[in-house]
Amino acid sequence: MATTYRRTPTKAELRRQRMEELINFPLDWVEERSGLVGGVRYFLFRNVPSDINWMQTLGSAALTAFLVQAITGVILAMYYDPSASTDPHTGKPVAWESIVNITDHLTMGWLVRGMHKWGASVFIILMFLHMGRVFLFGAYKYPRELNWIIGVLILVMGMMEGFTGYLLPWDQTAYWASVVGINLNGTAPFLGPWLAQFLRGGQEISGETLTRFYSLHMLVIPGAIIALITLHLYLVIRLGVTSPPWSKDAAGMEPEEAEADGRRAGLTRPVPRPAGASAMQAEPGGRE
Amino acid sequence: MAAIPKEKPSRTDEARAEFARYKADVKARGKPFYPYAMFHDTIMSVFVVVVIVSLAVIWKWTAFGPHHDPLHKGLLGGEVAQPADPGTTSFVPRPDWYFYFLFYLLRIFKWPESVFLGTIGIPTIALVLLIMLPFLDRRRVRRPSARPVAMVAAVLTIISMGVLTWKGATAKEALASEIKQDIPNWVKAEHLPPGALPGARLFASAGCTNCHTYNGAGGSQLGAPDLTAIGTRNLGVPTQIRHLQNPGSVTPGSPMPSFASLGPQRLRQLAVFLEASKGGK
Ligand code: HEM
């Protein structure tokens, strides 16, 4: 970042220059070795359509809900004990007791568990709302088909996360809902009985089932979801998000379509379009 | 080989051209993600976290904050239910709310002819359709007003999911104490011998009526059959016991849970009661 001076730089200028270099050093170091800084800069300063609206925040809202689940989940995992065996002192199952302990005795434990428990519902709702917005916008069409499919897979994984997490408190509602849920899986042809057997870890739902659900719930499924979200966001950044389809100024609108619309004829679309106009340049022609 | 000139651009060509236009438009006339879009995203995310924290606080302070009783229920339910007990005598098989619609499907499709439709069939078809959506709807137009079929399908889907969830949420499981008061009526209607009475009491209290109906009592869940006249099929006490111990061994793939934990004596009483239930004939 050396600035060239026509005259000899003053002491103050030299000091400032050295400070700048010092401050930028870590970023420059990382950039030189990875290109990551450029990546982040691209992510932040890439253009999005100027007419995007509030409904398009639902995807990042779902991401936030997922992050809440991940963080609170990690904390819960530090205190939760996935064991169905009976505590000899109290006669209660260990898993159930550890949940009660987290909620009643751990400092802020109720908050962490409460956020995880209710965050799960919020996450599911946000995924459905986000999917609804993508459907409404027709945003699953070319070239975003693949991202729609990835989205559906995330939705399925999210619901499986709910199913496996529900058993972990090892209380009556959880236990019997899982008994029935697993049996229902078992009615599927071919794979069904095998799947039920695998989930239970035997003929009956037991402590074995609990550890299996725990491992699925905190390792396997979250891992899959994180991988899928990464792919999802990669495609969102690569392909860009769609304009609201009813927008008078939707990006990608056909020129004839645009001209047919009297309100914007001659107003917004410079023909021919300026090739490679700078990202930060002001929008042409009297809009907003 | 030279490309054959086309009369009209294909649908794929048009889609590609539209996307190229989109990219050029965004580049020329879009606005940078930071700070514009990110600003809205941040507000929305903060709102989401606030909602989650509020739910947790409401849950705590109405349920167990002031009471310190883990089983006390507040506005959003209790802290936990009783510890899991495979040998229980009454339970409510109820999943988290976002599975209610699946659970309720099973009340519509009764065992055994069509239960497969409710458990796996319809959900699988729905999922495949959802995944295939971009290939089923290949027109380029995105305006909702120009996609009547898609919009009507979406509204119907939302309504049916909503109704199923609502029905699942409000479906009442009969309480064991209420069912027990019905036993004298069963004796009259079914001409039950005194030997079948212990079994009848067990049947009323062991949670069978959560899934099965009997003489109009109980709720039908998961497509479980009505047992009013189960005795007319003369399955025999040993088969009944075997089914109760391990339903899957008699009816492969049965979603009915095992009741082996009741112990041989009580299973026999249940089986005797079932065999004595001839539907009053
Ligand atoms: C963990 C769950 C999910 C996360 C974190 C997530 C995240 C995002 C984000 C941040 C965007 C950018 C635009 C926006 O926010 O609307 C987006 C776009 C998109 N999402 Fe998701 N999403 C999730 C689930 C889903 C689901 C369930 C579907 C559909 C089945 C889906 C399909 C799409 C599609 C097709 C786009 C492109 C939309 C456009 O270009 O306008 N996503 N997603």
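The values are calculated or read from the model by the stated rules, or taken from the named source; none is laboratory data. Worth saying up front: this structure is predicted, and the values here are computed from it rather than measured. So basically every Cβ, Gly included, is an ideal-geometry build from the backbone, and we count neighbours across all protein chains shown. Ligands, DNA and RNA are stripped out before the accessible areas are found, and what is left, the full protein with its side chains, is counted by its heavy atoms. Shrake-Rupley method; radii C 1.70, N 1.55, O 1.52, S 1.80 Å.
The table that follows gives values for the structure above.
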read-out: When each of B:LYS60/B:LYS180; A:LYS117/B:LYS31; B:LYS167/B:LYS188; A:LYS117/B:LYS23; B:LYS73/B:LYS167; A:LYS92/B:LYS60 is checked by Cα-Cα distance, pairs over 30 Å; value: B:LYS60/B:LYS180; A:LYS117/B:LYS31; B:LYS167/B:LYS188; A:LYS117/B:LYS23
read-out: Percentage relative contact order, chain B, counting C-alpha pairs under 8 Å, at least six apart; value: 16
read-out: Helix axis angle, B:264-276 relative to chain B longest principal axis, alpha carbon, degrees; value: 90
read-out: Accessible area in square angstrom per residue, the range B:91-170, 1.4 angstrom probe; value: 57
read-out: nm² value of the averaged projected area, convex hull over the Cα atoms of the protein assembly as shown; value: 39.9
read-out: Cα-projected label distance for B:LYS23 with B:GLN245, points at 7 Å along beta-carbon direction, nm; value: 6.9
read-out: Hydrodynamic radius (Kirkwood) for chain A, which is based on Cα pairs only, to one decimal in Å; value: 23.9
read-out: Prolate/oblate/rounded label for the range A:1-134 (Cα gyration tensor, a/c 1.5); value: oblate
read-out: Spin-label model distance (nm) - B:ILE58 vs B:ALA229, 7 Å beyond Cα toward Cβ; value: 4.9
read-out: Cα-based shape type of the range B:29-83, given that a ≥ b ≥ c are square roots of the gyration tensor eigenvalues and the cut on a/c is 1.5; value: prolate
read-out: Tilt relative to chain A, helix A:94-104 - C-alpha long axis, 0 to 90 degrees, to 10; value: 50
read-out: Part-to-part distance (alpha-carbon centres) for the range B:220-248 and the range A:148-217, which is given in Å; value: 26
read-out: For B:ALA84, net neighbour charge (Lys/Arg +1, Asp/Glu -1) across residues whose Cβ lies under 13 Å away; value: -3
read-out: For chain A: relative contact order, % (alpha-carbon pairs under 8 angstrom, 6 or more apart); value: 19
read-out: Sequence-distant residues sharing a close amide H with A:GLU254 (under 5 Å, placed H); value: none
read-out: A:VAL48 long-range amide H proximity, modeled H, under 5 Å; value: B:LYS31, B:PHE33
read-out: Fluctuation leader among A:GLY109, A:GLY192, A:GLY201 - chain A, Gaussian network, Cα springs under 10 angstrom; value: A:GLY192
read-out: Global geometry of the range B:154-281, whether rounded, prolate or oblate, following the gyration tensor of its Cα atoms and the 1.5 cut on a/c; value: prolate
read-out: Label-point separation, B:ASN185 to A:VAL156 (7 Å along Cα→Cβ), nm; value: 4.5
read-out: From phi via Karplus (6.51, -1.76, 1.60), per-residue ³J(HN,Hα) for the range B:206-213 in Hz, x at Gly/Pro; value: 8, x, 4, 6, 5, 10, 9, 9
read-out: Fluctuation leader among B:GLY223, B:GLY253, B:GLY168 - chain B, Gaussian network, Cα springs under 10 angstrom; value: B:GLY253
read-out: GNM top mover of A:PHE66, A:PHE43, A:PHE137 - chain A, alpha-carbon springs below 10 Å; value: A:PHE43
